[in-house]
Structures are given as structure tokens and as C-alpha cells.
Amino acid sequence: MAEGREHREYRMEELAKEAGITVRTLRFYRERGLIPPPRREGRIAWYDDHHLARLRTITGLLERGHTLNGIADLAATFESGRDVAEVLGLGEPTEETPVRLTPEQLADYFEGEVTPENLAAALDLGYLATDGDEIVHISRRLLEVSAELVREGVPLSTVLSSGRRVREHAEALAEIFVRVLHAHAKETEPAQLRPLARAVVDAELSMALDRRLRREDGTQPPKA
């Protein structure tokens, strides 16, 4: 989110005007719990930019076909999810680039697939985290590949469950390479290990895909 931005507060009528909705609609959203309660100063209710961002998100998701019940479920899932600091730990991934998204942009990436169940799975897996009104995907490469798989017809739930299985194998592969490094190449820097490990895994995966595809199309007999 932008730093150094002036914090602004709004009365109900001002907030509704900024959000492009009626005061009646704003009251309805508040009663449904779609926006957090305002700050109260005596009898005056004060809203801020967080409320405005949430209202714009609701409008954007409604335009993309989500229902109010679905939006409420999505909001509850986001608010129960881990934040960026928890997912990234002490620092961002050394090679992967996190991507900041609005909920509307996430819905555009995975049209029709952004359900509370899929969202909860992505948050649990650590693919997504929250930062105020923004969503952060842990890896641009994973985001784009996942979106491409969905466009090819693979359900997002399957992409996420497969991602969990791939992560288990990736952890095992990483352990192999780190053990080799510590046992036989104590002077080698981790930065030197990464491209070597990736090259081995990429080559082995490529050959494994070749073998699997040949067996699938019948050009290679299955192993006994």
C-alpha cells in the first residue's frame, strides 16, 4: 500500500458519495457486517479509507458476479487468514517476487473460482496472505502458472491440492541438496547451490515427463 498517504475520515454521507453508493446501501452493508464498525465520537460515526476500500471491493466483486453472501464469506476467510509478516517470516523469498492484488484483481485471475473454500486453502498453503485491504500472493510465477492451469480447465481446487503435494516433494528435494552441500561442499555458498539444484531437478522432471507421456500414449511399455 502507498506510504505517506494522508489518513482521511468521512461521515456516512461523505463515505457513500466517495464509494458511489447510497446511504441506505451503506447502512445495509454495515448491518450485514460487510464493513467494520465506524469510530464513534459522541453521536457521530467516522469512517476511514479502510472502509472506502472495502466498499469499492464489494462493488467490484458484485460486478464480477459474486453474491453478498459469498462476499461476506470471502471477507470472513480473509480476516481469519495469516498476514504478510507471518507468511514471509523475517524476509521476502530470495528469488520469488510477491504480488500485491486487490480482491477484484484476484477474482479476475481466477474467474469463477475464487470461493471461500479455495481462498481458505490458498491461505493455509501460504500462497496468499493479507495486508490490510490488499492480498499478497507469495510468488508471481506461481500466480501466473496457477491462473494458466485454471484457464486450461483445471479446477483451482485441484491446482491447490496438487500444489500441496508438489510442495511435499520439493521439501524432500531441498533437503537432499542441502545435506549434500553441508557434507561435501562446506565452502560453497547457498547462492551457488540454488542454480545447480534447479538444473538437476528441471532435467530430471523433464525426463520423467517424457517417460510418463510415452507410457501414456503407448510408445513405451510400462515397467514390470
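The values are calculated or read from the model by the stated rules, or taken from the named source; none is laboratory data. These numbers were taken from a predicted model, which means no experiment stands behind them. Using ideal geometry, Cβ is built from the backbone for each residue, glycine included, and neighbour counts are taken over all protein chains shown.
Taking the condition of being assigned to a helix (DSSP H, G or I) and either modelled with pLDDT of 90 or more or within 15 Å of Ser146 (Cα to Cα) (or both), how many residues in the range 88-103 meet it?
If we filter the range 88-103 for residues that are assigned to a helix (DSSP H, G or I), which is where we start, we get 88, 103.
Within this subset, residues satisfying the condition of being either modelled with pLDDT of 90 or more or within 15 Å of Ser146 (Cα to Cα) (or both) are none.
Going through the range 88-103 one residue at a time, the tally reaches 0.
Out of all the residues in the range 147-155, is one or more at negative phi and within 13 Å of the chain's Cα centre (by Cα)?
Yes, that holds for at least one residue.
Taking the range 42-58 on its own, how many of its residues are basic (Lys, Arg) and either surrounded by 13 or more Cβ atoms within 10 Å (Cβ to Cβ) or touching a strand residue (DSSP E or B) at 6+ places or on another chain (Cβ under 9 Å) (or both)?
Quick first cut of the range 42-58, residues basic (Lys, Arg) only: 43, 54, 56.
From the residues that got through so far, the ones that are either surrounded by 13 or more Cβ atoms within 10 Å (Cβ to Cβ) or touching a strand residue (DSSP E or B) at 6+ places or on another chain (Cβ under 9 Å) (or both) too are 54, 56.
Residues that pass the stated criteria total 2.
So, Leu61, is that one surrounded by 18 or more Cβ atoms within 10 Å (Cβ to Cβ), at pLDDT 85 or above and either within 30 Å of Val150 (Cβ to Cβ) or among the polar types (S, T, N, Q) (or both) or not?
The answer is yes for Leu61.
Would you call Arg39 in contact (Cβ under 8 Å) with a residue 24 or more places away in the chain, loosely packed, with under 13 Cβ neighbours inside 10 Å, in contact with an Asp or Glu (Cβ under 9 Å, 6 or more places away or on another chain) and charged (D, E, K, R)? Lay out the reasoning, then the answer.
Working: in contact (Cβ under 8 Å) with a residue 24 or more places away in the chain: yes; loosely packed, with under 13 Cβ neighbours inside 10 Å: yes; in contact with an Asp or Glu (Cβ under 9 Å, 6 or more places away or on another chain): yes; charged (D, E, K, R): yes.
For Arg39, the condition - in contact (Cβ under 8 Å) with a residue 24 or more places away in the chain, loosely packed, with under 13 Cβ neighbours inside 10 Å, in contact with an Asp or Glu (Cβ under 9 Å, 6 or more places away or on another chain) and charged (D, E, K, R) - is met.
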